[in-house]
Amino acid sequence: MKLSPQSEEIVKATAGVVAEHAEEITKVFYPDMFEAHPELMRVFNKANQAIGEQPKALAASVVAYAVNLIDPDAPDFGPVMRRIAHKHVSLGIRAQEYTIVAHHLLKAVKTVLGDAITPEVAAAWDEVYWLFGAELIAEEGMLYALGGTDPAHPWRRYRVVERFEESEDIFSLVLAPLEGDAPAYETGQYVAIAVDLPNGERQPRQYTLSSSPRGDLRVTIKRVRGVDGHPDGQVSTWLYDNAIPGVVLDVSQPAGDLVLQDSDGPLVLVSAGIGITPVAAILDEISRRQPDRTVRIFHADSSHSHHALYKHLRRQVEWMSDARAQNWYEEGAEEAPTIYPARSGFMDLSDIDVPAEATVFMCGPLAFMRSARAALIEKGVQPEKINYEVFGPDLWAQNPDAA
C-alpha cells in the first residue's frame, strides 16, 4: 500500500516529531479509549498496560509503519505486521474495533502535539493509520478464516483433562474441546486463555502450546509472582489455583508466526526460564519426525529445580542420535542431575560450538535474547536465520540490533 503524494510529503515532514512524542501519545490514548470503551479492557492485557509495555509497542509499530511508507530503504514491515495480526487474532480483536482505535489515537495526537496538528497533518496521519489498519484487518480476516473462527465468537470452550506440576510455580494443562476436535496448529504456536476473575474483570493471556500437534492442546504456564512492588499475575495465579481437571476455560484459536519450518539442516534452540515452552514443542516434533537431525539446546535458568519440562526434554535428547543440551544454572549447577554437566551463572556462548549453517529459535527475556543473538552472530550465524518469540508486546521487532 502507498500514501497519497500529499500525505507522503506531510508524513515525511512530521514523522520525526510524531516519533519523538509517540510513547507520550499512546500513554494519553489508552486511558482515554478505555474510559470511553471499558469493554475493550476485556481484550487488553492490564499488566502490559500497567508497566508500559503495550504503549511502547504500539508507538514503535505505528512509527515503523510510517517510516516504511516514506522510506524505500526501510526494513520490510511485513514480518512485524504479520506478528501483530497473529497476536490480535489470539485475542479476538475484530475489524470494527479499528474505528474506535482510530478516533482515540488521532485525538491523543492532537492532545499531545496541539497546534502542530493542522487539519492537513491530521488527515495525513489518519491515512497512515488506515493503511496500517487495512493491512492488519485483511491479514487477521485470513487467519480467522483459515482457523475456521467466526470473529464475532472468537472463544471456544475447552475442558482441562490433565494437569502436571512441572516445577515450582510452573504447571502444564492438557485441554480438550467440549465440542468437536481440537484445531490443527503448527509447532511453536500459542493460544490465549480468557479468565473471568473474582473482581468481575475478564482478562486474556497468551500461552505457548508446549507440545507438537497430537490431538488435544497442551499449555505450560508460569505463575507470575509480583516483584519490586508489582502484584502477582492475575490470570496465571487464578489458573494455578483453579485450573484442575474438569474446569472449563475459554481458549482462542492457535496463532503465532514463529513456527517450525520443513528442513533437515542443523537447529539451535536457545531459551531462558519459561521461554523453554516453544523449545519443548519444537524438540517434541523433531524427536518424532527427524530423530537423526543435528540439534543443540542451550537453556538458562535459576536452578535445576526451576527448569520446567526437564524430564520431558531429556527423554527427547536421549532418543535422538545427534542432539546435545547445555544448561546454565545460577544456583546449584554442580549438583544438577543433567545429561551433560551444567554450567554455573548466566548463559555464555563464547566457547560453545555452533553447527555451521544453523537455524536458531530463541525465547526468553529481551535482554537475554539480544545477548544470545550477538554471541551467535559473532560465531558466524547469519542474522536472518535467528528467529525469536517474545511473550507479550514485541518491543524488539522494529530494531533487533538495539542494545
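Bear in mind these aren't lab numbers, they're just calculated from the coordinates by the rules spelled out. The structure displayed is predicted, hence computed values, not measured ones. In this analysis, Cβ positions are derived from the backbone assuming ideal geometry, glycine residues included, and neighbour counts consider all displayed protein chains.
For the range 288-379, the equivalent ellipsoid derived from the alpha-carbon gyration tensor has semi-axes of 20, 19, 12 Å in decreasing order.
Along each principal axis, taking the top coordinate minus the bottom one, the Cα set of the range 222-359 gives 43, 37, 24 Å in descending order. The Kirkwood hydrodynamic radius of the chain, based on inverse pair distances between different Cα atoms, is 22.5 Å.
Within the shell defined by Cβ-Cβ distances under 9 Å, the residues around TYR158 carry a net charge of +1, with Lys and Arg each +1 and Asp and Glu each -1.
Calculated [222 nm] ellipticity per residue, helices only, for the chain: -13000 deg cm²/dmol; basis is -39500 (n - 2.57) per DSSP H run with n ≥ 4, divided by all residues, nearest 500. Mean separation of Cα pairs under 8 Å and 6 or more residues apart, divided by the residue count, gives the chain a relative contact order of 15 percent. For the range 111-156 versus the range 307-327, the spacing of their alpha-carbon centroids is 43 Å.
Could you rank the peptides 69-82, 13-26 by their average count of other C-beta atoms within 10 Å per residue, with the highest value first? Write down the numbers at each step before the final one.
Values: 69-82: 13.7, 13-26: 17.3.
Per-residue Cβ counts within 10 Å, averaged per peptide and sorted highest first, yield 13-26, 69-82.
Per-residue packing, averaged as other Cβ atoms within 10 Å, sorts the ranges 240-250, 264-274, 121-131, 157-167 into the order 264-274, 121-131, 157-167, 240-250, beginning with the highest.
Starting from the Cα gyration tensor of the range 220-259, take the square roots of the eigenvalues, sort them a ≥ b ≥ c, and report rounded, prolate or oblate (rounded when a/c is under 1.5, otherwise prolate if a/b is larger than b/c, else oblate). Oblate shape, in that a/c is at least 1.5 and b/c is the bigger or equal ratio.
What net charge do the residues around ALA184 carry, taking every other residue with its C-beta under 14 Å from that of ALA184, with Lys and Arg at +1 and Asp and Glu at -1?
Values: positive: ARG156, ARG214; negative: ASP181, GLU186, ASP216, GLU285.
So the environment of ALA184 carries a net charge of -2.
If packing is taken as the average number of other Cβ atoms within 10 Å across a peptide's residues, how do 142-149, 301-308 rank, most packed first? The partial results should precede the final answer.
On the way: 142-149: 15.5, 301-308: 19.8.
Per-residue Cβ counts within 10 Å, averaged per peptide and sorted highest first, yield 301-308, 142-149.
Taking the Cα centre as origin and putting +1 on Lys and Arg beta-carbons and -1 on Asp and Glu beta-carbons, what dipole magnitude results for the chain, to the nearest 20 debye? Intermediate results must be reported in sequence, preceding the final value.
On the way: 36 positive and 58 negative charges, 162 e Å.
About 780 debye.
Remark on the range 5-146: Rg and Dmax equal 14.8, 45 Å (Cα only).
State the antiparallel share, in %, of DSSP beta bridges confined to the chain, rounding to the nearest 5.
On the way: 29 of 53 bridges.
Percent antiparallel among DSSP bridges in the chain is about 55.
Hey, how many Å between the Cα centroid of the range 206-231 and the Cα centroid of the range 254-302? Measuring centre to centre over Cα atoms gives 17 Å.
Can you give the convex hull volume per residue for the Cα atoms of the range 156-251, as a whole number of Å³? Present the calculation step by step, with values, prior to reporting the outcome.
Numbers: hull volume 9.6 nm³, N = 96.
Dividing the Cα hull volume of the range 156-251 by its residues yields 100 Å³.
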